[in-house]
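Accompanying notes for the structure given below.
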Ligand code: GLU
């Protein structure tokens, strides 16, 4: 069997827990435990929440679990030029627009969509005034323009089957945040393409995000990887684990002398 080229992409905003161990293990198995087919990506775009010490302890945890990778980890924070280049292209194609609205204004418009759209809410003058005052714009997908293109109406998940892809449900998603200049969606699509990922494995909590990413692959004319979302590790009450849930941190198991096999088995037993 030819291994897929897969990735594990933690955000260095806390310690990895059992849920991450399971996710990393799924990606590693799909790569046939071959370091030349496995990519570690550090999703550190949100610089206000990411810390180097978490990045290092996440890498230590993954090595402890037995995972390894040949290429140097891909750091999103080092790829801002690449994201900007894609934004320039989407702008030239008329597929995105700058949005100067505040969060409160956006919420008000979305709760009464028949009155105006996010794109048309400000007059040209208001738009210029805000730009002149130095207000930074977020960039949103222009679904009205995008609808003119011929696009798929569904996508396939290897575990969950055919899923809908609806521009109406999606709305004018932000693909460049005003504070960061890029977004999770944009970076993930470009990173997966540039690192030649053939299969994206990740938790089912991210399944709702996938249509936006598939759409971006189409708009940027990039091949679409396979997707396989997996069920999540949950605690006794059925809640999915959070990074602040220290009791389930891999570091805790490591420090108390548990083996990686024990941790993987435990994570598998908590999948729901
Ligand atoms: N960095 C994301 C997370 O930690 C994962 C992104 C992805 O797999 O697409 O949830």
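Just so it is clear, none of the values below were taken in a lab; they were calculated from the coordinates. Because the structure is predicted, anything quoted here is derived from the model rather than measured. Backbone-built Cβ (ideal geometry, glycine too); neighbour counts: all protein chains shown.
Does residue 120 satisfy the criteria of being out of contact with any helix residue (DSSP H, G or I) (no Cβ under 8 Å at 6 or more places or on another chain), assigned to a loop (DSSP other than H, G, I, E, B) and in contact (Cβ under 8 Å) with a residue 60 or more places away in the chain? No; evaluated as a whole, the condition is false for this residue.
Could you look through the range 32-75, keep only residues that are under 20 Å from the mean Cα position of the chain (by Cα), within 17 Å of residue 192 (Cβ to Cβ) and touching a residue at least 40 places away in the same chain (Cβ under 8 Å), and pick out the one that is surrounded by the most Cβ atoms within 10 Å (Cβ to Cβ)? Only one residue fits best here, namely 39.
For the range 22-43, filtering for residues that are within 23 Å of residue 233 (Cβ to Cβ) and touching a strand residue (DSSP E or B) at 6+ places or on another chain (Cβ under 8 Å) leaves 13.
Checked against (1) more than 22 Å from residue 214 (Cβ to Cβ); (2) part of a loop (DSSP other than H, G, I, E, B), residue 148 passes all but condition (1).
Counted as qualifying within the range 156-271 are the helices (runs of 4 or more DSSP H) with 3 or more residues that are without any contact (Cβ under 8 Å) to a residue 60 or more places away in the chain, surrounded by fewer than 19 Cβ atoms within 10 Å (Cβ to Cβ) and more than 21 Å from the chain's Cα centre (by Cα), namely 260-269.
In the set 10, 3, only one residue is in contact with a strand residue (DSSP E or B) (Cβ under 9 Å, 6 or more places away or on another chain), in a loop (DSSP other than H, G, I, E, B) and within 14 Å of the ligand (Cβ to nearest atom); that residue is 10. Residue count for the range 37-70 satisfying the condition of being in contact with a helix residue (DSSP H, G or I) (Cβ under 8 Å, 6 or more places away or on another chain) and in a loop (DSSP other than H, G, I, E, B): 10. Checked across the range 15-36, the condition of being more than 9 Å from the ligand (Cβ to nearest atom), closer than 28 Å to residue 178 by Cα and in a strand (DSSP E or B) holds for no residue. Checking each residue in the range 77-96 for being within 21 Å of the chain's Cα centre (by Cα) and outside any helix (DSSP H, G or I) picks out 79, 95, 96.
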